[in-house]
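A short worksheet on the structure shown next.
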Amino acid sequence: MGCVSSTGGSNSKGAPHVAQPLLPSGHAAAEEAKPAPVSRPAGEDARRGEALCVLVLRIFKATLTKNFDAITKMDPYATVSFRAADGSRWEASRTRVDRGGHMSPEWDHTCCKQPFCKGDTVEIEVWEKDMVFDDFCGKACVPVEELMSEAKASASTTFAAGNVIELPLKLEDGEHTGTISIQALVMSAEEEKGHSDDTVTSVDPALFHTPVARLGVSGGTAPFFDLRLKQPSGTLENHFIGKDLSHAHDEFSFYEEMLALKKHPGKDVAMVDLLGFALDYAGVARLPVQGGKGRGGDPNIDLLVMRNMRAGFTELRLLDIKIGQVTAQAGWQGKSRLGALRNSVVDGITNSQAEGFRLEGFDHRPPGLASMDPLLDVGGCEKRKEKTVKKANRVMLQRFSGAEMLAHFLDVHQPSNGLGEADVSSVFSPIEVAEIACHEVVFRLANLALACRRSPVPHKWIGSSVALGFDAGRLPRRTEGAKAVRKFTVVNIFDWGRSELNTLEKHMRLSADDQHDRSKFWKFYMGGIDRLFWEACRAYKHMFGNAGEWKEITLTLYDFDSMSRNDFIGKVTVPLQETPETTETLTFSSRLAGTTHCSITYSVAWRPLPKGSRLKGSWRVSIFRGSNMPDMDVMHRLGLFSSRKQADPFIEVVATSATRSFQLRQCTTVKVDCADPEWNEVFDIPVATREGELQGALKAVAKGLGSTEALEALPADCDSQRHRIDEDIALWKAHLDSCIGMEAATPNHLFGDDGDDSRGWVDDSGKGTGFFIEEANNRTVCCLLPCIGGSG
């Protein structure tokens, strides 16, 4: 049977991740899920001595054009063999059987590494598993040197990954039966030193003031401690925070492995960009506790020393977003069956199941969100226990869609400390701060989405989170430039309590089922990241992407309900133009309230922004007051659960562009039990100075990422064509997949209009934090050093 040549192709279904051992060669029906030793070629030791490099093949999927099972759907699997120049042949790996995969099987399989020499050929066969004899579905052959043309390891690089390619499958008579998608990973034949699992990175306790004070608990049970540097040396005194190691043993292992991988990436160098989004970890410090003793009467406590996300911020508005549509698995990392069942129920009723992530925490909420009482329909939070209120608020956040979450995140229409009245000729306005922060979030999430795809192996990061944040309590001076906002923007991945840091070496040792398990959960994680990135892009597009004309605004009056859909009262649409204080009367008829006449008073004014701003200016819509609000709640009228007899009104403000390509939605605060509310709130409808800022952020990450076709898949969250969302998401993911092989932006990429606007974490001094590492007796000692730049 002759070999067929490879043809280039793209990974049209995404970027799968997986690997695995194999079964013995031969194609009579055999037991599954019992890996057997790999058949080795004769003289393997001699081959290793003369090997050019070490090859790892990844077998993603096949597309078959012929059905080899006349009765049921096919159950395909693939085998990978090597043929040496002398004619010897050995099977190197075998995928799992994709039950019911039929004409489009997916394996996401990583073969064990194989040394290869000049003249070697890779042979991949696809078989259909049967009860007695398996059916041959086709074979593809490709010379190893051809795979090397895309991925080539040299003396200076220990690892290189090629692009995903498609090889044609043929039968012995030459009949074409489909294609198979593979990728080559090439490593240096040089042996690498491993990292000992019992390595501990120790932080010198003399760096900190003692004793340390307890700060509180993070969502779960792990207390945090306030760490203060004695000599900050160019960084902030509170740059670090301590986490009780006794409650974070699983995270400790993850952080130590991450630190070791960053120091010696070897063949996992492609993961360094991904792990750059994790919080900086310095090591473990043993420090005395203020006002009490540690465990067993010991006055000292072991703390994980990590970067403090809040250091340097005036008012960090922070989202804690749990990623993945499945956030627990029974038996994984000590999770009980009951605990996993409880989590699965939460996943099913929250945004995790709908969009692949959910909001777990929201620090420094805007007044609009703070006014939304999750227990309002049953009497309100005022007389409830703190624990009950906390749980109710958490459930409310968990059920937010991505669009609602980001709308509140970027809500700056009521800034604290009177910032809204600042002189915009000398400082940035709140809406400009929100625009720059959102632009930076998009840029970093784009990098994160592509970094996930470029990881050489899949990971099982269950219940881990993404942090999004910016400083909502400070308006930088215009002389500081946009970098003053960007450097205080947060995009980090964290919370590794039930996560595993996988490596290529670990992955190749996993069983077929375990590899498939890692692939499944990595797809969950990537799906959540992709959706979050998509939501951030469309939030930026519709809030800050319009450089043309806004045509009209629609003011819609609602009666707030905490446990059901808000009750519609009425709406009015007016042109977006200079308008003095005006009162509009709304008429609404219902069986509950009868025919009602209520009114809202508003005005519109244009505010230009100084030359050089990223925004030309903004239409300022002032919502002053309302009168004669009807109570639309049945419970109120029946006197159930509440003594309130009046409405809980709020107004939704929706701006629509002249081309109807942009729609921006914002909301006032909720006025509880009020028929004649006074709002006195001012909303900004921004107009961009120039078009293309969103495309600029995306193209800075990978060439071609911000295509016109992809940006059209970003509808407004108030678009009535909801049935298109799934199609838009699929198009967006396919677009991301097509950019995997494109050059990524460097961590300190500069945007042309921002000058010295560097990326990465920096503190007020413009410096980050570096660590001087010394290794001795299998222990690593970490000392603080000032350095320029930073990670994450």
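The values are calculated or read from the model by the stated rules, or taken from the named source; none is laboratory data. Note that the structure is predicted; figures quoted are calculated from it, not measured. Glycine also receives a Cβ, built like all others from the backbone with ideal geometry; neighbour counts cover every protein chain displayed. Side chains are part of the model used for accessible areas, which takes the heavy atoms of the whole protein and leaves out ligands, DNA and RNA. Shrake-Rupley method; radii C 1.70, N 1.55, O 1.52, S 1.80 Å.
Using a/c under 1.5 as the rounded threshold, could you call the range 499-639 rounded, prolate or oblate? The axes a ≥ b ≥ c are square roots of the C-alpha gyration tensor eigenvalues, and prolate needs a/b larger than b/c, oblate otherwise.
Numbers: a/c = 4.70, a/b = 1.68, b/c = 2.80.
Oblate shape, in that a/c is at least 1.5 and b/c is the bigger or equal ratio.
Pop out the ³J(HN,Hα) list for the range 558-575 in order, Karplus 6.51 cos²θ - 1.76 cosθ + 1.60 with θ = phi - 60°, rounded to Hz; leave Gly and Pro as x.
Whole-Hz 3J(HN,Hα) from phi for the range 558-575: 10, 9, 5, 10, 8, 10, 7, 5, 4, 7, 6, 10, x, 8, 9, 10, 10, x.
Give the ranking of S465, S104 by solvent-accessible surface, highest area first, calculated with a 1.4 Å probe. Present the calculation step by step, with values, prior to reporting the outcome.
On the way: S465 0, S104 60 Å².
I get S104, S465, largest accessible area first.
Between V272 and K118, what is the FRET efficiency for a Förster distance of 22 Å, r being their Cβ-Cβ separation, to the nearest 0.05? Don't skip to the end; give the middle numbers.
On the way: r = 31 Å, r/R0 = 1.41.
The calculated FRET efficiency here is 0.10.
So how much accessible area does C112 have, in Å² to the nearest 10, using a 1.4 Å probe?
Accessible area of C112: about 30 Å².
Starting from the Cα gyration tensor of the range 320-465, take the square roots of the eigenvalues, sort them a ≥ b ≥ c, and report rounded, prolate or oblate (rounded when a/c is under 1.5, otherwise prolate if a/b is larger than b/c, else oblate).
Numbers: a/c = 3.10, a/b = 1.25, b/c = 2.47.
Oblate, because a/c is 1.5 or more while a/b does not exceed b/c.
For the range 362-439, report the accessible area per residue in Å² (1.4 Å probe, heavy atoms, rounded to an integer).
Normalised by residue count, the accessible surface of the range 362-439 is 45 Å².
For the range 498-611, what's the relative contact order in percent, using C-alpha pairs closer than 8 Å and at least 6 residues apart?
On the way: 94 pairs, mean separation 16.5, N = 114.
Averaging sequence separation for qualifying contacts and normalising by length gives 15 percent for the range 498-611.
May I ask you to give the solvent-accessible area per residue for the range 455-541, in square angstrom, as obtained with a 1.4 angstrom probe?
Values: 2040 Å² over 87 residues.
I get 23 Å² per residue for this part.
What does the charge add up to near A407, with Lys and Arg as +1, Asp and Glu as -1, over the other residues with Cβ less than 9 Å from its Cβ?
On the way: positive: R665; negative: E404, D411, D717.
Residues near A407 contribute -2 overall.
Given Cα pairs under 8 Å that are at least 6 residues apart, what percent is the relative contact order of the range 321-422? If you can, show how the numbers build up before the last one.
Details: 104 pairs, mean separation 28.0, N = 102.
Averaging sequence separation for qualifying contacts and normalising by length gives 27 percent for the range 321-422.
Tell me the accessible surface of F240 in square angstrom (1.4 angstrom probe, heavy atoms of protein chains only), to the nearest ten.
Result for F240: roughly 10 Å² accessible.
Give me the percent of the accessible area of the range 445-513 that comes from carbon and sulfur atoms, probe 1.4 Å, all protein chains in place.
Answer for the range 445-513: carbon and sulfur cover 48 percent of the accessible area.
Considering only protein heavy atoms and a probe of 1.4 Å, how much of the accessible area of the range 332-439 is carbon and sulfur, as a whole percent? Don't skip to the answer; put the middle values down first.
Details: 2680 of 5050 Å².
For the range 332-439, the apolar C and S fraction of the accessible surface comes to 53 percent.
Rounded to the nearest percent, how much of the accessible area of the range 544-616 (1.4 Å probe, protein heavy atoms only) is carbon and sulfur? It would help to have the intermediate numbers written out before the result.
Details: 1820 of 3730 Å².
Result for the range 544-616: 49 percent of the exposed heavy-atom area is carbon or sulfur.
Rounded, prolate or oblate: which fits the range 249-366 when a ≥ b ≥ c are the square roots of the eigenvalues of the alpha-carbon gyration tensor, with rounded for a/c under 1.5 and prolate only if a/b beats b/c? Show your work: numbers first, answer last.
Values: a/c = 1.38, a/b = 1.26, b/c = 1.10.
Note, shape of the range 249-366 comes out rounded.
Over 29 Å between Cα atoms, which of K170/K699; K267/K541; K267/K523; K387/K541; K243/K391; K391/K541 qualify? Present the calculation step by step, with values, prior to reporting the outcome.
Working: K170/K699 40 Å; K267/K541 38 Å; K267/K523 22 Å; K387/K541 38 Å; K243/K391 23 Å; K391/K541 33 Å.
Correct reply: K170/K699; K267/K541; K387/K541; K391/K541.
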